[in-house]
Amino acid sequence: MPSINALRTFEAIMKRKSVKEAADEIFLTPQAVRYQIKMLEELIGSELFIRNGNRLDPTLKAIELLGYITHSLDVLEEGLNALNKDSNKLYLHVSPYYANNILIPQLHDFTEQHPNIDLRISIGAENNDFATKDIDIAIQWGYGQWSGFQADPLIDDLKIIAATPNLLQKQPIEKKGDLMSHRLISPWVQNTLWLDIFDMLGTQQDMMKEEFLYLHDNEAILKATLSGIGVGLVSRPEAIEAIMTGDLVAPLGIDLLSQLPDHKIPKFYLIKQNNKEESPLVKHFTQWAKENSKSQRNSQITSN
């Protein structure tokens, strides 16, 4: 059987198509990489790569072998993770709004229960990292659209259509159609919120007089709305706070979006890979996050 180093080296070259780049990725010298590939070729009895300038082009044997090696390494990693059930590592990838407003303010409660935890949290609205093997749990905003993953809803993200008093003084929204004369501010992450609102109000996108302004997260949307650029979809807690101080107005009411069907209301979801062995730490965080979000929901209902 080939060594694990030889398999990792082969996988790196198949990905990078370069001895130097593969060596950099797996922290070996180029000479060591060449030696590992030579040993693998001798074991298999077949050439795996053809040099083409600075590139290494795989042979048909190499392409066939890659599937077996990738699967084997995945199974090995999953087995090692399953054996290491007492691991204190937890890697989360969390939406900016949920991280800053819900998770981190309450996180001390979880870390007190796990004083030796090696906790890593990456923050981002993008969904690209869900398949990264190192990530144990992702918490992201959307409609539960992550095919191939287990996605459990944690909390609704009800929005409020809001604008500054000065903007509404210049361009009043006295009836539903008046909304279409404003620049509308929308989350950048794929969603159908404004289109669903148009459908509920009986308006259409082609009635808009200006283009959408797409922004990356709720904080940016809130700041843009407060600056008077346009009419924004602001998350409910921040919108209500700004309305109470007189900085924003909800011209169509604060409860309009709660009339949307449940499947059209975006939520924050806790997302995990299907069929992946879970450590006790991952299971406990999942339970804790669900209970924490439940208390957040009850708090919102009470405050309303």
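Laboratory data are not the source of any read-out in this text; all were calculated from the coordinates shown. These figures come from a predicted structure and were not determined experimentally. Neighbour counts are summed over all protein chains in view; Cβ atoms, including those assigned to glycine, are modelled from backbone coordinates with ideal geometry.
Quick one: what are the phi-derived ³J(HN,Hα) couplings along the range 237-248, Karplus 6.51/-1.76/1.60 with θ = phi - 60°, whole Hz, x for glycine and proline?
With the stated coefficients, the range 237-248 comes to x, 5, 5, 5, 4, 5, 5, 5, 7, x, 7, 10 Hz.
Students often get this wrong, so check it: of K89/K290; K159/K264; K176/K294; K159/K272; K175/K223; K61/K276, which have C-alpha atoms separated by over 22 Å?
Checking Cα-Cα distances, K176/K294; K159/K272; K175/K223; K61/K276 exceed 22 Å.
Once the Cβ-Cβ distance between Y68 and D247 is put in as r, and R0 is 51 Å, what FRET efficiency do you end up with, to the nearest 0.05?
0.25
What order do you get for H216, H108, H182 when you list them from fewest to most C-beta neighbours inside 10 Å?
H108, H216, H182
Would you kindly work out the equivalent ellipsoid of the range 4-83 from its C-alpha gyration tensor and give its semi-axes, the square roots of five times the eigenvalues, largest first in whole Å?
Result for the range 4-83: semi-axes of 21, 15, 11 Å.
Subtracting the Cα-Cα distance from 0.36 nm times the residue separation, let me have the gained length for L195 to E174 in nm, one decimal.
Here the answer is 5.6 nm.
Can you tell me the length gained on complete extension of the stretch K294 to E21, counting 0.36 nm per residue apart and subtracting the Cα distance?
Gain on stretching K294 to E21: 93.5 nm.
Multiply the residue separation of K61 and K89 by 0.36 nm, subtract the distance between their alpha-carbon atoms, and state the gained length in nm to one decimal.
Once the chain is fully extended between K61 and K89, it gains 6.3 nm.
In debye, nearest 20, what is the charge dipole magnitude of the chain about its Cα centre with +1 on Lys and Arg Cβ and -1 on Asp and Glu Cβ, if you could check?
380
Working from Cα positions, state the angle (0 to 90°, nearest 10) between the long axis of helix 104-113 and the longest principal axis of the chain.
Once rounded, the angle reads 50 degrees.
Starting at the first residue of the range 160-170, write each ³J(HN,Hα) from the Karplus equation 6.51 cos²θ - 1.76 cosθ + 1.60 with θ = phi - 60°, in whole Hz, x for Gly and Pro.
Using θ = phi - 60°, the values come out as 10, 6, 9, 7, 6, x, 5, 5, 6, 6, 6 Hz.
Based on the alpha carbon coordinates of the range 159-264, what radius of gyration and maximum Cα-Cα distance (Dmax) apply, in Å?
Radius of gyration, then largest Cα-Cα span, for the range 159-264: 12.5, 35 Å.
Calculate the radius of gyration of the Cα atoms of the chain to one decimal place, then report Dmax, the largest Cα-Cα distance, as a whole number, both in Å.
25.6, 80
Round to a whole angstrom and tell me the spacing of the C-alpha centers of the range 153-213 and the range 36-75.
Centre-to-centre distance over Cα atoms comes out at 54 Å.
Going by how many other beta carbons lie within 10 Å of each one, how would you line up W188, W194, fewest first?
W188, W194
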